[in-house]
Amino acid sequence: MTIRPRRLRMTAALREAVAETQIHPRQLMQPHFVIADPQGEQPIDAMPGIARLGIAKLVERVGRDLELGIASVLLFGLTDEKDLHGKAATDPDGLVPRAVRALRERFGERLVIATDVCLCGALTHGHCGVLREGVVQNDATLPILAAMALAHARAGADIVAPSDMMDGRVRAIREVLDGAGFEHTALMSYAVKYASAFYGPFREAADSAPKSGDRKTYQMDARNVREGVREALLDQEEGADLLMVKPALAYLDVIRAVKERTLLPLAAYNVSGEYSMVKAAVARGWMDERLVVREILHSLARAGADLLITYHAREAREKAWI
Ligand code: PBG
């Protein structure tokens, strides 16, 4: 008798038949950066293929993506109106609420609309919470985040997604949503979010880099996995409906560890730096983009991610990579 694992690798059809991991387009969530000029379309240097879009352009783009089978979006609002309290972020008629209403009006329930909830884009200093004497204030930030989430929920978001990493924000947001009659709005927590150099291109795209210091007093240390599981379980207890690990590729062990300890759906955020690294290498002819994107996305699903938040989504569908 010969033991031959290779037997099941002999044809493409055989390999498909025994593949342990499949990705369905419905698992893909496309992030979008929304800007004030409705017709605006500003390509982002550090993220080839991605542009900041005004609401009219966004609606067009999402319409085409829906035809490709991408039925989930994650919205980031980019505002110039920055202050020390994040007022622009809580405005019920702000950029993200207007974008949500426009998308909902056009696409109804066919589209899953998630919104990023964080104050860094609306605060002058670029931190994810309000500052006092140079220190990011946890509890003073919570009601502002909750007001931001409520503005998104009122506009019709399916999912609000806090990415600030303040402690207790899931409970604070849940209580405010429930109190206002939005008990059906889901909450996806960026539960396990690391202080990561892979956010570099995003911070250029969103102009959200902290003006002083870094985010290490609230985002997690890249060396820790037990702490990540703890963060995930705390957010689950506080009422999160979905959990997220971010970044994705350098944290496959964390995705697996969280997956083994929760029954909630799990998202992996394949962040800007992971995207731009691929684009940069492909531009030099160093890698085959189709193969490398498939390998990356399959690795996230294999590690245990149910939902894949990725800037590659549209191109992967346009070119039938997925
Ligand atoms: C805002 C936020 C960031 C990202 C998502 N939400 C940046 C940060 O925390 O500095 C990063 C996304 C990406 O890099 O694609 N808090």
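The values are calculated or read from the model by the stated rules, or taken from the named source; none is laboratory data. Computed from a predicted structure; not experimentally measured. Please note: Cβ atoms are built from the backbone with ideal geometry, for glycine as well, and neighbour counts cover all protein chains shown. The area values use the complete protein model at the heavy-atom level, side chains included, leaving out ligands, DNA and RNA. Shrake-Rupley method; radii C 1.70, N 1.55, O 1.52, S 1.80 Å.
Between MET10 and ALA280, the contour length at 0.36 nm per residue exceeds the alpha carbon distance by 93.9 nm. Relative to its Kirkwood radius, the Cα radius of gyration of the stretch 181-322 gives an Rg/Rh of 0.99. When the P(r) is computed for the chain, the part past 31 Å accounts for 28% of the Cα-Cα pairs. Note on MET1 and GLU60: their simple-model spin labels are 6.4 nm apart, each label 7 Å out from Cα toward Cβ. Between GLN137 and GLN22, the FRET efficiency from the beta-carbon distance, with R0 = 35 Å, is close to 0.20.
Please say if the stretch 153-192 is rounded, prolate or oblate, where rounded means a/c under 1.5 for a ≥ b ≥ c the square roots of the C-alpha gyration tensor eigenvalues, and otherwise the choice is prolate for a/b larger than b/c and oblate otherwise? Oblate, because a/c is 1.5 or more while a/b does not exceed b/c.
Highest mean first, how do 74-85, 310-321, 266-277 rank when packing is the count of other Cβ atoms within 10 Å averaged over residues?
Per-residue mean Cβ counts within 10 Å order the peptides as 266-277, 310-321, 74-85.
So what is Rg over Rh here for the stretch 104-243, counting just Cα atoms and using Kirkwood for Rh?
Dividing the radius of gyration by the Kirkwood radius yields 0.97.
Packing around the peptides 189-196, 231-238, taken as the average count of other Cβ atoms within 10 Å per residue, puts them in this order, highest first: 189-196, 231-238.
For the chain, the membrane-span-like helix rule (DSSP H, alpha carbon extent of at least 20 Å along the helix axis, mean Kyte-Doolittle at least 0.0) picks out 138-155, 289-303; this says nothing about an actual membrane. Taking label points 7 Å from Cα along the Cα-to-Cβ direction, ASP288 and THR124 give a separation of 5.4 nm. Counting 0.36 nm for each residue step from ASP167 to ARG226 and taking away their Cα separation leaves a gain of 19.6 nm.
Hey, what did the chain get for relative contact order, percent, Cα under 8 Å, at least 6 apart?
18
With both residues required to sit in the chain, DSSP beta bridges show an antiparallel share near 15%.
At a 1.4 Å probe radius, carbon and sulfur cover how many percent of the accessible area of the stretch 23-110? It would help to have the intermediate numbers written out before the result.
On the way: 2030 of 4200 Å².
C and S atoms contribute 48 percent here.
Once the chain from LYS216 to GLU295 is taken as fully extended at 0.36 nm per residue, the excess over their C-alpha distance is 25.4 nm.
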